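Trainee: Before we start, here is the structure in question, set down as structure tokens.
Since every read-out is calculated from the coordinates, none of them should be taken as a lab result. Model, not experiment: these values are computed from the prediction. We place every Cβ from the backbone using ideal geometry, glycine too, and count neighbours over all the protein chains shown.
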């Protein structure tokens, strides 16, 4: 699942840097724009058997049904969390959110 996501991000978004840390993998341009972790954003009973969480930042609250949790981390900066249970869930909609997050990150001052 992760490899599919990484390959698609790297093929669509220029100049991406990847930082691997103990609890998170960060995709960054000027700043981090997408993050992969195993932080649960659903109750245990609602989680897929195998999963990962993809988080991304936008300048507005995206109310897509795909988004499991959202918070305004800083005024005008919303963090969105999407839990994935299969590679098939890495689709054009999710990649669109991540691409938008990369543009938002690159434009931050």
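Trainee: Once Rg/Rh (Cα atoms, Kirkwood Rh) is worked out from the coordinates, which option in [x] 0.93; [y] 1.01; [z] 1.12 does it equal?
Mentor: Step by step, Rg/Rh (Cα atoms, Kirkwood Rh) for this structure corresponds to label [x].
Trainee: Which order do peptides 75-87, 13-25 fall in by mean Cβ count within 10 Å, highest first?
Mentor: Values: 75-87: 16.3, 13-25: 11.4.
The densest-packed peptide leads the list: 75-87, 13-25.
Trainee: I would also like to ask the following. Using only Cα atoms, what Kirkwood radius does the range 53-109 have, in angstroms? Each step should come with its number before you reach the end.
Mentor: On the way: mean 1/r = 0.0862 Å⁻¹.
Averaging 1/r across every pair of different Cα atoms and inverting gives 11.6 Å.
Trainee: In what sequence, highest mean first, do 30-36, 4-10 appear when ranked by Cβ atoms within 10 angstrom? Please report the intermediate quantities before stating the final value.
Mentor: Working: 30-36: 19.4, 4-10: 16.0.
Final packing ranking: 30-36, 4-10.
Trainee: Could you work out the relative contact order of the chain? I mean the mean sequence separation of Cα pairs under 8 Å and 6+ apart, divided by the number of residues, in percent.
Mentor: Result for the chain is 27 percent.
Trainee: Would you compute, from DSSP H runs of 4+ residues alone, the mean residue ellipticity of the chain at 222 nm, taking -39500 (n - 2.57) per run and dividing by the full residue count, rounded to the nearest 500?
Mentor: Calculated at 222 nm, the ellipticity per residue is -8000 deg cm²/dmol.
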